[in-house]
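Okay, structure first, notes after.
The values are calculated or read from the model by the stated rules, or taken from the named source; none is laboratory data. None of the values given here were measured: they were computed from a predicted structure. Heads up, the Cβs are rebuilt from the backbone with ideal geometry, glycines too, and the neighbour counts pull from every protein chain shown. Keep in mind that these areas ignore ligands, DNA and RNA; they rest on the heavy atoms of the full protein, side chains included. Shrake-Rupley method; radii C 1.70, N 1.55, O 1.52, S 1.80 Å.
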Amino acid sequence: MIRIGIILGSTRPNRNGPQVAQWVLDTASRRGDAEFELIDLREHPLPHLDEPVPPLFGPSVHEHTRAWAERVAPFDGFVMVTPEYNHSAPGVLKNAIDHVFAEWVNKAVGFVSYGVNGGVCAVQQLRLVCGTLGMADVSPEVALSLHTDFENHTRFAPGDHHAVTLNKVLDQLIAWSAALAPLRQASAETTLINS
């Protein structure tokens, strides 16, 4: 069965992300076409990128990076739940993405963002980053406004239409994850041959 990781991309105190990520997980878990699991970046503290060689060139010398790679490697696709900070994605999310390479290649990715303007600028930047890593980003996205989808900017209360959009994201994410499976398999076989 397709496995999808839901990455919670904020680690700041008093973050809104856990409510959003739990909503994504709860909505996704009602489906029967994939397995979903939450990945909270707070549980995977990574220093600023400290690799002596780019992740493209092989296994890390650092245990924290190897543990992160082992965490994300088994998934076929991802939903990135991201706030928008100053028209960009959080540094902690970008740093987590940058720590590994092969674990992202030929996997699908969808986005759920939140912020004053729905977090759409963060997603625009993440699409560029993910595309560079060989990920297939799906077109629909969920953009949640701090003004209309959070009471007092803190308690998550999404409009019903967001669940419809989230299911569109998941439909495409699962379809693309399945379609990319032969590429992931070929890549894994090449890695085994070359190791």
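Going by the conditions given, is VAL100 of a type in the set (A, V, I, L, M), surrounded by fewer than 16 Cβ atoms within 10 Å (Cβ to Cβ), at pLDDT 95 or above and not in a helix (DSSP H, G or I)? No, not satisfied. Filtering the range 51-73 to residues that are farther than 24 Å from PRO13 by Cβ and open to solvent by less than 60 Å² (accessible area, probe 1.4 Å) leaves GLU51, PRO55, GLY58, SER60, HIS62, THR65, ALA69, VAL72, ALA73. Among residues of the range 78-100 that are closer than 14 Å to TYR114 by Cα, those with a Cβ under 7 angstrom from a residue that is of a type in the set (Phe, Trp, Tyr), sequence gap 6+ or separate chain, pair up as MET80/PHE111; THR82/PHE111; PRO83/TYR114. Answer yes or no: is there a residue in the range 29-48 that is out of contact with any helix residue (DSSP H, G or I) (no Cβ under 9 Å at 6 or more places or on another chain), assigned to a loop (DSSP other than H, G, I, E, B), closer than 29 Å to THR165 by Cβ and of a type outside the set (A, V, I, L, M, F, W, C). Checked against the condition, which is being out of contact with any helix residue (DSSP H, G or I) (no Cβ under 9 Å at 6 or more places or on another chain), assigned to a loop (DSSP other than H, G, I, E, B), closer than 29 Å to THR165 by Cβ and of a type outside the set (A, V, I, L, M, F, W, C), the range 29-48 yields at least one hit.
Just one residue in the set ALA157, ALA136, ALA122, ALA163 is open to solvent by less than 40 Å² (accessible area, probe 1.4 Å), in contact with a strand residue (DSSP E or B) (Cβ under 7 Å, 6 or more places away or on another chain), of a type outside the set (Val, Ile, Thr) and under 20 Å from THR27 (Cβ atoms); that residue is ALA157. Just one of the numbered conditions (1) in contact with a His (Cβ under 9 Å, 6 or more places away or on another chain); (2) in contact (Cβ under 8 Å) with a residue 40 or more places away in the chain; (3) open to solvent by 30 Å² or more (accessible area, probe 1.4 Å) is not true of LEU144: (3).
Every residue in the range 23-50 that is open to solvent by less than 80 Å² (accessible area, probe 1.4 Å), closer than 22 Å to PRO74 by Cβ and free of Cβ contacts under 8 Å to residues at least 60 places away in the same chain, please. Of everything in the range 23-50, those that are open to solvent by less than 80 Å² (accessible area, probe 1.4 Å), closer than 22 Å to PRO74 by Cβ and free of Cβ contacts under 8 Å to residues at least 60 places away in the same chain turn out to be LEU25, ASP26, SER29, GLY32, PHE36, GLU37, LEU38, ILE39, ASP40, LEU41, HIS44, LEU46. Taking the criterion of being among the β-branched types (Val, Ile, Thr) and without any contact (Cβ under 8 Å) to a residue 24 or more places away in the chain, the only residue of the range 154-176 that qualifies is VAL164. Of everything in the range 1-22 that's outside any strand (DSSP E or B) and open to solvent by 40 Å² or more (accessible area, probe 1.4 Å), which residue is farthest from LEU146 (Cα to Cα)? This residue is MET1. Return yes or no: is LEU128 surrounded by fewer than 16 Cβ atoms within 10 Å (Cβ to Cβ) and either without any contact (Cβ under 8 Å) to a residue 40 or more places away in the chain or hydroxyl-bearing (Ser, Thr, Tyr) (or both)? So LEU128 fits the description; yes.
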